[in-house]
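Since the structure comes first, as structure tokens, the remarks are kept for the end.
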């Protein structure tokens, strides 16, 4: 039997979480740092394993690779079966990259309270914070690997618990921070996602009643060779059950309202974890489960979902423009971006889906860069209100510069990662639904507005009273920001490695659905341009 | 001449053949109960406490050992048969549920025996959760005198043993009369146990009276239903009733007038159903649960909430699956309605509760609804799923109520929810364990609650009850809300300055909570073996 690399990649952070939680509580600065270095090392170890997975993956090999299969609950036909496709590999890599940065950026967010005599408050709060992050990482990784519907469901639901404690238990210690608001946000997060998950549970049970298996591979094979056939009512109902859960998680308008609360109240690091990592499970699952298990229903509902996602793009962007709170602004920007991702997925064209998959990576990296720098800024001033800032670039030029680069990535400036993916999504959408493509493009304009206005208000102009003492980025913060910005540049200039991994699985998904790209019917010059764009990724 | 004719007419009455081995699990428990009564009469006061606990635990251990022996010996599968002239069925479901009940009872006895929670200072001697004398108010001189002179309600142990014996018999009873006797044998001691709380005496006595009156009503319903069904079928034997329902039996001439009268059958079945639905606490027969759960001493509540439910669902399964499967077109729609009402009402009313014990009471109502969805499946997978659910649920319940006994202030247990604020900051471990139980109640994956819920919903869906599954899932979402509210309260609210303290329990309660937590996690993460066991056991003998 080959080495179970996928299990190990998920188990390492899980072991790290348990170990971190079990460390003795900090009594001085040294033991406090030890309690944070241990989880950081585990997350770096996971990153190494994620790289190994990516290196072993052969883009043109089998659909699912490095598979593992063990019986778990045979009474219900549930297997512990893992396997990765291109998208899974890329997202595991994204998770592996982002978690260490999130930890470093949140280094002091959960520090123990020290009283006047220098004694540490003796509890496990600090290490609990890092243990929870590792637990979330473990569950997210296994969700990206699961090829058993039930196994996926279990971790899709279970990851709510550590997330809930991360949101509700650790505030960001800034002005306007309110324990009641925070616990409200945590509960709202949990209830929305739990409701989504339970509706999905009904669909999971229904799927089992019809197919008598949970294996993604057996179901898709049976669907393709015709030995299994859903009645269209059943397929539609099951699709909606799954899609509801993923649309809450992703989040798709109008199921998005939990996200601004959760991201607004959580620490910046946890907010990045929510939007850049955990929410990706939702869009990932749309591609892996909705499209593959229910191809017909996906086609039936695609127009409706596309309309919702375009509404989400515009709505999120418009509300982002009007926000007074930096973190809520980022949250609404994310809602807009998730609209783009879902648009790309359900346009059902190869450019659209490649774009959506690249978008998941780019959105993760760019939001992390943007929001973490914003977090450093907020931690200095102790406020998350835009109105409290002004002229920061005069006192903290490096911070202002990195904040600008992060923001430019968010607004899809050519040369930075998100541009490639956003362009592909729009092209892919335009091919089949020109009107929606055109309307969605307005989202880009609005993105420029909310990013630049935020920059202008906080960074430019005369130094606002209270901002004089804002220090520039420290070494730890630079270690967080510099690699992320480098990554954005690489992804913007040379996205080929990621595209190479992703594209074959996009084509497989579409061919499984019996969906081909619409024949170009515009002038030859235009269609050539479109082909060249995808050609770059093949 | 005439004497000879008579002798020929009356067949000789021979002693019935009793299979003592098959009945031995019940006999062991009843034996322990009788020995316990003798101990109460003859053992000196000072030694009664230890003696009674020893007897009870020995009886339960013996019973569990015998159940294991019977199961291993094949009485759960190929040797499954009726014993005691067809009055008791010794088969897979009986042995599985009896095993669960004895284990639950062991944990319950451990909690009854807990004497370290009540402060010694006021009483001069260690006291438990039960009133030493009916008139001795907690903290009064009378109570101090009673406690120091060694008066204690050690009779709870024999009472518990009788209740357990009845519960063992209830799901195994294969004729309606035995079922009724078992129902009474386990109900009467429970009424008494409810009234024995040391603190909040009036609430406890009120609970007992309510439970007794309503319970007596439901018993009367059951008995009347029994009589009507006898009129219909000419027999109280479940298998014989099934034959008559399916039209396969020859009719006794003496009862020819009533036999086959569907009116008798339908009304009779409905009345039997009322009796059983009362015991499981299904809507609209759930009114007693919150009051009784709140008023009874918490260890008793835990025992009642878990073991009674196991026994009553066992009996309901046997009644519906053995005697009335031929009538499923009539009872299934009714149970559909009851299940939906129970799930929805239990979950929604629980949202407004402010007392932990009442909250858990309404949650148990909602869970009765979830279990009913499995009962409705009327197939092997439904039976296995319900049995698994019962096993999983009872240990979570025991554990949760055991935690409730630990959170105390000067007036005893602090059950008002507002008092639980910030518990997670004061004693994170206890709060974490309680959170685990709440998550299991809510059915979060990787806990036993999820596996159980999945099993019953899957069985229901397999039998075509999709609508039930959807209602179940939606009420789970509502239910999750109030479980999570408690978690929020414990972890994210600031502790009150005058908040309750967490008593340090003796190893007895510690063991109960620990066992509950272990079972919750094991049945959630690696349920394979136990699901297999439940599935294997899921065949009734007729």
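Somewhere in the stretch B:417-426, is a residue more than 10 Å from chain A (Cβ to nearest Cβ), modelled with pLDDT under 85, in contact with a strand residue (DSSP E or B) (Cβ under 7 Å, 6 or more places away or on another chain) and not in a helix (DSSP H, G or I)? The answer is no; no qualifying residue exists. The single condition among (1) outside any helix (DSSP H, G or I); (2) over 21 Å from residue A:164 (Cβ atoms) that residue A:251 does not satisfy is (2).
Among the residues of the stretch B:487-528, those identified as surrounded by fewer than 21 Cβ atoms within 10 Å (Cβ to Cβ), out of contact with any strand residue (DSSP E or B) (no Cβ under 8 Å at 6 or more places or on another chain), within 14 Å of another protein chain (Cβ to nearest Cβ) and assigned to a helix (DSSP H, G or I) are B:488, B:489, B:521, B:522, B:525. Checked against the criterion of being facing chain A (nearest Cβ under 10 Å), out of contact with any helix residue (DSSP H, G or I) (no Cβ under 6 Å at 6 or more places or on another chain) and free of Cβ contacts under 8 Å to residues at least 12 places away in the same chain, the stretch B:431-441 has no qualifying residue. Scanning the stretch B:188-204 for residues that are assigned to a helix (DSSP H, G or I) and in contact (Cβ under 8 Å) with a residue 60 or more places away in the chain, we see that the one that is surrounded by the fewest Cβ atoms within 10 Å (Cβ to Cβ) is B:203.
Answer yes or no as to whether residue B:478 is under 23 Å from residue A:156 (Cα atoms), within 10 Å of chain A (Cβ to nearest Cβ), in contact with a helix residue (DSSP H, G or I) (Cβ under 6 Å, 6 or more places away or on another chain) and free of Cβ contacts under 8 Å to residues at least 40 places away in the same chain. The answer is no for residue B:478. Kindly indicate whether residue A:208 is over 29 Å from residue A:264 (Cβ atoms) and within 14 Å of chain B (Cβ to nearest Cβ). The answer is yes for residue A:208. Scanning the stretch B:328-344 for residues that are under 15 Å from residue B:466 (Cβ atoms) and under 21 Å from the mean Cα position of the chain (by Cα) returns B:339, B:343.
This table checks each residue for (1) surrounded by 18 or more Cβ atoms within 10 Å (Cβ to Cβ); (2) out of contact with any strand residue (DSSP E or B) (no Cβ under 9 Å at 6 or more places or on another chain).
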| position | (1), (2) |
| --- | --- |
| B:324 | yes, yes |
| B:327 | yes, yes |
| B:347 | yes, yes |
| B:356 | yes, no |
| B:371 | yes, yes |
| B:380 | no, yes |
| B:398 | yes, yes |
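Residue-wise test of (1) part of a helix (DSSP H, G or I); (2) modelled with pLDDT under 90; (3) under 28 Å from residue B:146 (Cβ atoms).
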position: B:16; (1), (2), (3): no, yes, no
position: B:24; (1), (2), (3): yes, no, no
position: B:34; (1), (2), (3): yes, no, yes
position: B:37; (1), (2), (3): yes, no, yes
position: B:51; (1), (2), (3): yes, no, yes
position: B:55; (1), (2), (3): yes, no, yes
position: B:69; (1), (2), (3): yes, no, no
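Counting the residues of the stretch B:45-57 that are in contact (Cβ under 8 Å) with a residue 12 or more places away in the chain and loosely packed, with under 15 Cβ neighbours inside 10 Å gives 2. In the stretch A:221-235, of all residues being buried (at least 17 other Cβ atoms within 10 Å of the Cβ) and part of a helix (DSSP H, G or I), the one that is farthest from the other protein chains (Cβ to nearest Cβ) corresponds to A:223.
Among the residues of the stretch A:148-165, those that are within 12 Å of chain B (Cβ to nearest Cβ) and farther than 18 Å from residue B:525 by Cα comprise A:164, A:165.
Residue check: residue A:75 meets all listed conditions (1) surrounded by 17 or more Cβ atoms within 10 Å (Cβ to Cβ); (2) touching a residue at least 12 places away in the same chain (Cβ under 8 Å) but one, namely (2). Residues in the stretch A:122-147 that are within 13 Å of another protein chain (Cβ to nearest Cβ) and touching a strand residue (DSSP E or B) at 6+ places or on another chain (Cβ under 7 Å): 1 in all. Evaluate the following for residue A:275: is it in a loop (DSSP other than H, G, I, E, B) and either closer than 17 Å to residue B:480 by Cβ or in contact (Cβ under 8 Å) with a residue 24 or more places away in the chain (or both)? Here the answer is no, as residue A:275 does not meet what is asked. Looking only at the stretch B:447-462, how many residues end up being farther than 19 Å from residue B:437 by Cα and either in contact with a strand residue (DSSP E or B) (Cβ under 7 Å, 6 or more places away or on another chain) or facing another protein chain (nearest Cβ under 9 Å) (or both)? Counting residues in the stretch B:447-462 that are farther than 19 Å from residue B:437 by Cα and either in contact with a strand residue (DSSP E or B) (Cβ under 7 Å, 6 or more places away or on another chain) or facing another protein chain (nearest Cβ under 9 Å) (or both) gives 5. The set of residues in the stretch A:13-34 that are assigned to a helix (DSSP H, G or I), surrounded by fewer than 23 Cβ atoms within 10 Å (Cβ to Cβ) and touching a helix residue (DSSP H, G or I) at 6+ places or on another chain (Cβ under 9 Å) comprises A:14, A:15, A:18, A:19, A:21, A:22, A:32. The number of residues in the stretch A:462-479 that are in a loop (DSSP other than H, G, I, E, B) and surrounded by 15 or more Cβ atoms within 10 Å (Cβ to Cβ) comes to 6.
The values are calculated or read from the model by the stated rules, or taken from the named source; none is laboratory data. Predicted, not measured: the structure shown is a model, and the values here were computed from it. Don't worry about glycine lacking a Cβ; one is built from the backbone with ideal geometry, like all the others, and counts go over all protein chains shown.
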